Amino acid sequence: MDKDQIIIIGGGLIGLATANALLDRGENVLVLERNAETATAASFANAGMLTPSQSTPWNSPSDIANILSGIGRKASPMSASFRTIPSYFFWALRFMFNSTPTRFERISKDIFSLAKYSKDLTEKIRNLEEFTYDESTDGTLKLFRDSERLEKSIALSNRIYGESNVIEVLNQKEVIELEPALNKVRKGLIGGIHYKDDEIGDAYKFCKALEGIIRNKGGRILVNSNIKKILLNKRKVNSVVTDRAVLQAKRVVICAGSWSPVLLKETGIRIPIMPVKGYSLTYNTAGIRNTPKLSVIDESIHIAITPYIDRIRVAGTAEFVGFNDEVHPKRVDYLNLKLNEVYPHIFSKVKDDEEAEIWFGFRPMSADGLPFIGESKVKGLYLNTGHGHLGWTLAMGSADILADQIVGIETQIDSKPYQANR
Ligand SMILES: Cc1cc2nc3c(=O)[nH]c(=O)nc-3n(C[C@H](O)[C@H](O)[C@H](O)COP(=O)(O)OP(=O)(O)OC[C@H]3O[C@@H](n4cnc5c(N)ncnc54)[C@H](O)[C@@H]3O)c2cc1C
């Protein structure tokens with residue numbers, strides 16, 4: 001057993017990206033994943049977007065209003081259960097505290113800087129290792145049905161991201177020229193924004209490619225390895241206890257997504273991360289004509305529709321229900337409603353597809369919208385977690401920052417906003 005190897009807990013987007021970045025810096029890594037396969041939790045069937053253009057946290061006043069307005073509707077995008085509300089109480093207070101206009105703008109800028117960096121690194125590894133994951137670099141398109149909202153979105157983008165967020169504002173005709181599959185709903189649209197720098201892809205396929213790259217570089221990944229405990233000795237990491245063995249380690253990285261606070265509890269470290277459950281529906285579109293090529297974002301409530309080869313995925317919604325693993329029909333109805341609103345010609349063909357994949361995942365949502373990256377107050381215990389609704393967008397950059405910190409070299413972007421012990 002190599003005591004110098006770095007143990008990474010969690011084999012999702014963040015754990016795999018972290019393993020890769022550490023291997024590139026000459027470290028030995030062991031990824032421990034409790035499921036039978038990597039990338040089967042939040043990183044499995046997300047909306048598939050790498051969107052520096054959407055770097056805002058979810059606590060803007062309009063988002064909060066949108067979330068609350070969904071309560072009680074027949075096909076509703078969100079829910080909270082009375083049983084779990086108390087567990088969100090302190091997190092929610094901090095969430096609201098961070099929603100002032102000044103904090104919101106500062107946090108958005110910090111997310112954007114990491115997202116841009118991350119996207120460049122994603123492109124770099126894709127080109128270097130020559131792998132594919134149903135990616136497209138044509139950007140994403142946000143649709144608007146109301147000119148006031150469009151103006152607000154343009155102003156926000158200019159104010160927060162400036163010229164480094166390449167946007168093109170489109171009128172109705174230009175939206176249809178760019179995405180002809182929207183032709184049937186053109187009447188309801190007043191325009192759109194084309195975010196040219198965004199990308200899309202399949203996060204699960206990306207993880208699988210990354211897994212192969214890690215193994216080729218000599219990294220080890222063990223599945224079916226549930227970490228029960230992290231043992232400390234005089235406020236330093238000593239070992240991790242799995243359901244099968246005790247593994248000595250001087251350096252451990254927590255990349256356990258929404259479960260990170262659970263693992264950290266006994267070490268005395270508290271981080272404000274809560275699970276926010278989201279859903280996706282993936283339909284087979286083989287043989288259907290006029291399918292879209294761009295991913296579209298519905299401006300009103302964080303719904304995205306992403307096309308892949310012979311598939312279409314509609315994703316979004318938010319449940320504040322802890323780790324409840326039941327499929328709620330209202331969320332499924334809501335996603336279907338949105339697909340029908342945007343692409344009625346596709347929905348009418350796929351709606352009876354019994355093979356459609358219904359999926360949910362728990363977004364590891366931090367109270368301020370920023371991930372936790374770096375060494376905790378326990379020596380040798382590092383965090384890379386809390387990436388919320390933007391885990392893929394931020395994965396490669398977050399891993400790079402942490403790996404630089406672990407090996408003691410200067411990070412390429414300012415890492416202060418994401419400090420683990422903030
Ligand atoms: C509906 C939906 C749509 C989304 N769309 C997008 C999008 O378009 N773009 C984007 O950037 N982000 C998106 N996200 C967010 C993104 O998917 C997540 O932020 C990201 O997957 C988090 O990755 P992770 O590695 O931190 O967590 P996970 O993928 O959840 O991985 C954590 C891993 O840790 C393992 N683990 C936990 N506890 C233990 C333990 N005790 N021992 C061993 N292993 C353990 C788990 O089994 C899991 O595999 C979306 C999320 C959802 C739910």
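The values are calculated or read from the model by the stated rules, or taken from the named source; none is laboratory data. Just so you know, these numbers come straight off a predicted model, no measurement behind them. Methodologically, a virtual Cβ is constructed for each residue, glycine included, from the backbone with ideal geometry; neighbour enumeration extends over all protein chains shown.
Quick look at the values:
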| read-out | value |
| --- | --- |
| Test result for Leu337, out of contact with any strand residue (DSSP E or B) (no Cβ under 9 Å at 6 or more places or on another chain), surrounded by 15 or more Cβ atoms within 10 Å (Cβ to Cβ) and within 24 Å of Lys142 (Cβ to Cβ) | yes |
| Filter result for Gly322 (in contact (Cβ under 8 Å) with a residue 60 or more places away in the chain, away from the ligand (no atom under 12 Å from the Cβ) and among the small types (Gly, Ala, Ser)) | yes |
| Complete set of residues in the range 8-28 that are closer than 19 Å to Ser260 by Cα, among the hydrophobic types (A, V, I, L, M, F, W, C) and more than 6 Å from the ligand (Cβ to nearest atom) | Ile8, Leu16, Ala17, Ala19 |
| Residue, nearest to Val252 (Cα to Cα), within the range 408-422, restricted to residues that are surrounded by 12 or more Cβ atoms within 10 Å (Cβ to Cβ) and of a type in the set (Val, Ile, Thr) | Thr411 |
| Answer from Asn35, Asn46, Asn66, Asn59 - the residue that is assigned to a loop (DSSP other than H, G, I, E, B), modelled with pLDDT under 95 and not acidic (Asp, Glu) | Asn59 |
| Asp198, sole failed condition from (1) over 20 Å from Gly15 (Cα atoms); (2) surrounded by fewer than 21 Cβ atoms within 10 Å (Cβ to Cβ) | (2) |
| Tally of residues being surrounded by fewer than 15 Cβ atoms within 10 Å (Cβ to Cβ) and in contact (Cβ under 8 Å) with a residue 40 or more places away in the chain across the range 153-170 | 2 |
| Filter result for Val314 (within 11 Å of the ligand (Cβ to nearest atom), without any contact (Cβ under 8 Å) to a residue 40 or more places away in the chain and crowded, with 18+ Cβ neighbours inside 10 Å) | yes |
| Selection within the range 266-299 - among the small types (Gly, Ala, Ser) and over 27 Å from Asp353 (Cα atoms) | Gly268 |
| The range 33-58, residues that are surrounded by fewer than 24 Cβ atoms within 10 Å (Cβ to Cβ) and over 18 Å from the mean Cα position of the chain (by Cα) | Arg34, Asn35, Ala36, Glu37 |
| Flag for Leu263 being in contact (Cβ under 8 Å) with a residue 40 or more places away in the chain, closer than 20 Å to Glu135 by Cα and out of contact with any Gly (no Cβ under 8 Å at 6 or more places or on another chain) | no |
| Residue satisfying all of: in the range 213-271; closer than 16 Å to Asp4 by Cα and part of a loop (DSSP other than H, G, I, E, B); nearest to the ligand (Cβ to nearest atom) among these | Ala249 |
| Enumeration of residues in the range 289-318 that are among the charged types (D, E, K, R) and touching a Pro at 6+ places or on another chain (Cβ under 9 Å) | Lys293, Arg313 |
| Residue list for the range 117-159, restricted to those being assigned to a loop (DSSP other than H, G, I, E, B) and either over 21 Å from Lys338 (Cβ atoms) or at pLDDT 95 or above (or both) | Glu130, Phe131, Thr132, Tyr133, Asp134, Glu135, Thr137, Asp138, Gly139 |
| Selection within the range 110-142 - in contact with a Cys (Cβ under 9 Å, 6 or more places away or on another chain) and among the polar types (S, T, N, Q) | none |
| Unmet requirement for Asn284, which otherwise passes all of (1) surrounded by fewer than 20 Cβ atoms within 10 Å (Cβ to Cβ); (2) of a type in the set (S, T, N, Q); (3) within 13 Å of the ligand (Cβ to nearest atom) | (3) |
